[in-house]
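Here is the structure we will look at.
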Amino acid sequence: MKMNSKGRAVIISGPSGSGKGTTVKALLEARPELKLSISATTRLPRPGEENGVNYFFVSREEFQKKIENGDMLEYAEFCENIYGTPREYIEQCVSNGEDVILEIEVQGGMQVMAKMRDAISIFLIPPNRQSLEKRLRGRGTETEEVIRERLAQSYEELKCAEKYDYVVVCGEMSKCVSDILNIIDSEKLKSELMQDYIKENF
Ligand code: 5GP
């Protein structure tokens with residue numbers, strides 16, 4: 001039973017080390033009909049990352065061109081690289097009635113909130129400071145300098161939690177995933193969105 005035909009953009013932000021990547025993966029496994037936005041970035045691929053799967057890896061010049069063409073829904077500079085969400089895919093999903101996850105940092109998250117008033121915004125946090133540091137170091141692909149830079153950035157990002165509709169604590173994964181799915185499902189039952197359903201059926 002389909003109740004509202006428009007899909008929703010679901011913004012998921014949170015500091016590096018909050019478990020965003022793992023959460024998004026688990027979320028897509030739990031609900032395969034969710035779509036995932038693939039971002040463009042000027043960052044170099046990490047080992048195992050693939051172009052068009054994890055990101056569209058592009059040069060600064062290519063990124064600049066996309067911005068000038070109006071192809072980006074949002075973009076932001078983060079740790080000396082640019083990251084951005086290609087606009088077209090998001091628009092397609094929303095008009096097809098599909099919910100689409102945008103796993104993006106906070107500056108971009110706020111741009112999307114401003115442009116898409118019905119976007120659902122969720123801020124993920126690790127359970128505490130120790131787990132944040134442990135997760136950041138545990139990735140093992142970054143130099144100490146980069147880790148320090150990302151830690152500092154993470155503490156800054158935590159201050160933005162209040163700008164989001166929801167905050168989810170990312171401790172036990174199954175709980176975190178069900179919290180997010182519950183948010184998405186509840187958002188769809190907001191009374192203003194149910195008016196059409198009521199009109200059509202009664
Ligand atoms: P990473 O380099 O670890 O893959 O990502 C660094 C940060 O960039 C993460 O916080 C990630 O959520 C964010 N990010 C990834 N894609 C985008 C995007 O399209 N736009 C913005 N604003 N941030 C992004």
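Could you tell me whether ASP118 is within 17 Å of the chain's Cα centre (by Cα) and in a loop (DSSP other than H, G, I, E, B)? Judged against the criteria, ASP118 is a match. Filtering segment 152-165 to residues that are of a type outside the set (A, V, I, L, M, F, W, C), surrounded by 13 or more Cβ atoms within 10 Å (Cβ to Cβ) and part of a helix (DSSP H, G or I) leaves GLN153, SER154, GLU157, LYS163.
Given the options GLU145, GLU187, GLU149, name the one that is loosely packed, with under 11 Cβ neighbours inside 10 Å and in a helix (DSSP H, G or I).
Working: GLU187 fails: loosely packed, with under 11 Cβ neighbours inside 10 Å; GLU149 fails: loosely packed, with under 11 Cβ neighbours inside 10 Å.
Step by step, each of GLU145, GLU187, GLU149 is checked, and only GLU145 is loosely packed, with under 11 Cβ neighbours inside 10 Å and in a helix (DSSP H, G or I).
Could you count how many residues in segment 81-115 are charged (D, E, K, R), more than 10 Å from the ligand (Cβ to nearest atom) and either closer than 19 Å to LEU28 by Cβ or in a strand (DSSP E or B) (or both)? So the answer is 2. Checking SER39 against (1) at pLDDT 95 or above; (2) touching a helix residue (DSSP H, G or I) at 6+ places or on another chain (Cβ under 6 Å), which test does it fail? Looking at each condition in turn, SER39 falls short on (2).
Evaluate the following for SER5: is it touching a residue at least 24 places away in the same chain (Cβ under 8 Å) and crowded, with 19+ Cβ neighbours inside 10 Å?
Numbers: touching a residue at least 24 places away in the same chain (Cβ under 8 Å): yes; crowded, with 19+ Cβ neighbours inside 10 Å: no.
So SER5 fails the test.
The single condition among (1) under 15 Å from VAL10 (Cα atoms); (2) modelled with pLDDT under 95; (3) surrounded by fewer than 12 Cβ atoms within 10 Å (Cβ to Cβ) that SER95 does not satisfy is (2).
Looking at segment 63-76 only, could you name the residues that are within 9 Å of the ligand (Cβ to nearest atom) and of a type outside the set (Gly, Ala, Ser)? Passing the criteria: MET72, LEU73, GLU74, TYR75. Here GLY14 clears all of (1) in contact (Cβ under 8 Å) with a residue 60 or more places away in the chain; (2) more than 8 Å from the ligand (Cβ to nearest atom) except the condition numbered (2). For ARG60, are the conditions met, namely being surrounded by fewer than 12 Cβ atoms within 10 Å (Cβ to Cβ), touching a Lys or Arg at 6+ places or on another chain (Cβ under 9 Å) and of a type outside the set (A, V, I, L, M, F, W, C)? Spelling it out, it is not the case that ARG60 is surrounded by fewer than 12 Cβ atoms within 10 Å (Cβ to Cβ), touching a Lys or Arg at 6+ places or on another chain (Cβ under 9 Å) and of a type outside the set (A, V, I, L, M, F, W, C).
Just so you know, in segment 17-38 the residues that are within 13 Å of the ligand (Cβ to nearest atom) and assigned to a loop (DSSP other than H, G, I, E, B) include one that is surrounded by the most Cβ atoms within 10 Å (Cβ to Cβ), and it is SER18.
Output yes when any residue across segment 44-65 is at pLDDT below 95 and of a type in the set (Gly, Ala, Ser), and no when none is. Taking every residue of segment 44-65 in turn, none turns out to be at pLDDT below 95 and of a type in the set (Gly, Ala, Ser).
Looking only at segment 39-62, filter to residues that are basic (Lys, Arg) and in a loop (DSSP other than H, G, I, E, B); which one of those is farthest from the ligand (Cβ to nearest atom)? Even if it seems obvious, please write down each step before you answer.
Here is the first cut: in segment 39-62, the residues basic (Lys, Arg) are 43, 46, 60.
Checking which are in a loop (DSSP other than H, G, I, E, B) leaves us with 43, 46.
Details: ARG43: 5, ARG46: 8 Å.
Applying the filter and picking the extreme gives ARG46.
The values are calculated or read from the model by the stated rules, or taken from the named source; none is laboratory data. Quick caveat: nothing in here was measured; it's all calculated off a predicted structure. Here Cβ is always computed from backbone atoms with ideal geometry, including for glycine, and neighbour counts include all displayed protein chains.
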